[in-house]
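Submitted below is the structure of interest, expressed as structure tokens.
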Protein chains: 2
Amino acid sequence: MARVKFYLREGMLAPGRAVSATRAQYGEEHLHRLRLIRSLTTVAGLPLSRTRKILGILDAPEASVESMLGAAVAALSSDGDRTSGLTADRDAYPRSFAALEVLGEGYQPRMPALEQLENALAAVEEVGIPATPERLEVYGPHIRAIAEAELSGLPHDNSRAAVEYAVLGTALYEPVIAALRRLAHQTIANRDA
Amino acid sequence: MARVKFYLREGMLAPGRAVSATRAQYGEEHLHRLRLIRSLTTVAGLPLSRTRKILGILDAPEASVESMLGAAVAALSSDGDRTSGLTADRDAYPRSFAALEVLGEGYQPRMPALEQLENALAAVEEVGIPATPERLEVYGPHIRAIAEAELSGLPHDNSRAAVEYAVLGTALYEPVIAALRRLAHQTIANRDA
């Protein structure tokens, strides 16, 4: 209940219907919203600032599904006010732009994923396992095919549901993909043992 | 220097060659080890306990590359003493075993990736985007192909180098894969907008 009061105070949850001076009634929609907040914070591990931003996007129903989706996916990985989706400066992300040339049309330079990619590429370079063109040519089509299949499941009748699906799917399938990759590694290592 | 003393005290770094009562000389091998510790802790974000465990595996040169690899990949995600690679209890990991039936032979039930998978599958189920067989049939072959290509780059002449490659590659390519997936999502959402 302390959590609920906190979310109410923060404007993340709409007030219930007052039934007396000290009691309010909460309906199905409140429960759905509470579960969503919990999924984003506890399960996906997002900080409150990003959770609030994503809820704000869900509450702006005038936008198209696609623009909401872009903004919501951007909000997953950044607290900043930086406009998402903008084509980024080539000089600031040299590794990413070099990678994009190998990856082809399926990967456009969009923020903030481009910045994430730059940091990730710098880290593997630093430990001496750089993302060579050969490696990127393996990742590119497989990951692109996964992303296509994931977004083909997007509900089209309801933009709010579509954005919830995209945000939760993006954040919560990362651990699924990581676990499957490790399981495949262990299976291959064992086969070769 | 405080860090170096700490690693020496913890036995993670071998002592240098004493050149006087208060000074020691460190060579190329020490620098390599220091970079490795830094990659595991700072870049991959592993707790010290797991870093120490992985260093211990690297220091046991009698084992085969494959058994070292299995143990090292297991150490990445668990501090426990649980034997890695053991086939796990079906009842304790119901979602994972159901998923494995869909995924086929490329994914064997190995710990601890199986436990990671169970937790990840429970999380997506909870938010109403469960890993259906259709979804798993998309992930399975693509992730398996990525894992095969990654392990085909394993150095074969030196088991210590192979394990370093596998451990760093497993941990540090997760963010690369996540960033590429988000970039693909954003590209697709933008195309459809």
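Test B:Arg191 against the stated conditions and say whether it is modelled with pLDDT under 85 and assigned to a helix (DSSP H, G or I).
Here the answer is yes, as B:Arg191 does meet what is asked.
Also: Within the range A:40-49, can you find the residues that are surrounded by fewer than 21 Cβ atoms within 10 Å (Cβ to Cβ), more than 8 Å from chain B (Cβ to nearest Cβ) and assigned to a helix (DSSP H, G or I)?
Those that are surrounded by fewer than 21 Cβ atoms within 10 Å (Cβ to Cβ), more than 8 Å from chain B (Cβ to nearest Cβ) and assigned to a helix (DSSP H, G or I): A:Thr41, A:Thr42, A:Leu48, A:Ser49.
So, one more: If A:Ala18 meets every condition in (1) within 16 Å of A:Ala166 (Cα to Cα); (2) among the aliphatic types (A, V, I, L, M); (3) at pLDDT 75 or above apart from one, which number is that one?
Looking at each condition in turn, A:Ala18 falls short on (1).
Report whether or not B:Arg110 is at pLDDT 95 or above and either more than 25 Å from A:Arg135 (Cα to Cα) or buried (at least 20 other Cβ atoms within 10 Å of the Cβ) (or both).
Criteria not met by B:Arg110.
Determine if the range A:138-149 includes at least one residue that is more than 14 Å from the chain's Cα centre (by Cα) and more than 8 Å from every other protein chain (Cβ to nearest Cβ).
yes
Check A:Leu154, A:Leu168 and return the single one that is open to solvent by less than 40 Å² (accessible area, probe 1.4 Å), in contact with a Ser or Thr (Cβ under 7 Å, 6 or more places away or on another chain) and either more than 8 Å from chain B (Cβ to nearest Cβ) or closer than 24 Å to A:Ile57 by Cβ (or both).
A:Leu168
Which numbered condition in (1) open to solvent by 10 Å² or more (accessible area, probe 1.4 Å); (2) within 7 Å of chain B (Cβ to nearest Cβ); (3) in contact (Cβ under 8 Å) with a residue 40 or more places away in the chain is the only one that A:Ser159 fails?
Of the numbered conditions (1) open to solvent by 10 Å² or more (accessible area, probe 1.4 Å); (2) within 7 Å of chain B (Cβ to nearest Cβ); (3) in contact (Cβ under 8 Å) with a residue 40 or more places away in the chain, the odd one out for A:Ser159 is (2).
A further question follows. Does at least one position in the range B:88-104 carry a residue that is facing chain A (nearest Cβ under 9 Å) and surrounded by fewer than 19 Cβ atoms within 10 Å (Cβ to Cβ)?
No.
Pairs please, first residue from the range B:1-15 and under 11 Å from B:His30 (Cα atoms), second anywhere and open to solvent by 80 Å² or more (accessible area, probe 1.4 Å), Cβ atoms under 7 Å, 6+ apart in sequence or on different chains.
Close Cβ pairs (under 7 Å, with a partner that is open to solvent by 80 Å² or more (accessible area, probe 1.4 Å)) amount to B:Leu8/B:Pro15; B:Met12/B:Arg52.
Among the residues of the range A:120-135, which ones are under 21 Å from B:Ser39 (Cβ atoms), in a helix (DSSP H, G or I) and more than 7 Å from chain B (Cβ to nearest Cβ)?
Result: A:Ala122, A:Glu125, A:Arg135.
The values are calculated or read from the model by the stated rules, or taken from the named source; none is laboratory data. Just so you know, these numbers come straight off a predicted model, no measurement behind them. Counting neighbours? That spans all protein chains shown, and the Cβs are built from the backbone with ideal geometry, glycine included. Keep in mind that these areas ignore ligands, DNA and RNA; they rest on the heavy atoms of the full protein, side chains included. Shrake-Rupley method; radii C 1.70, N 1.55, O 1.52, S 1.80 Å.
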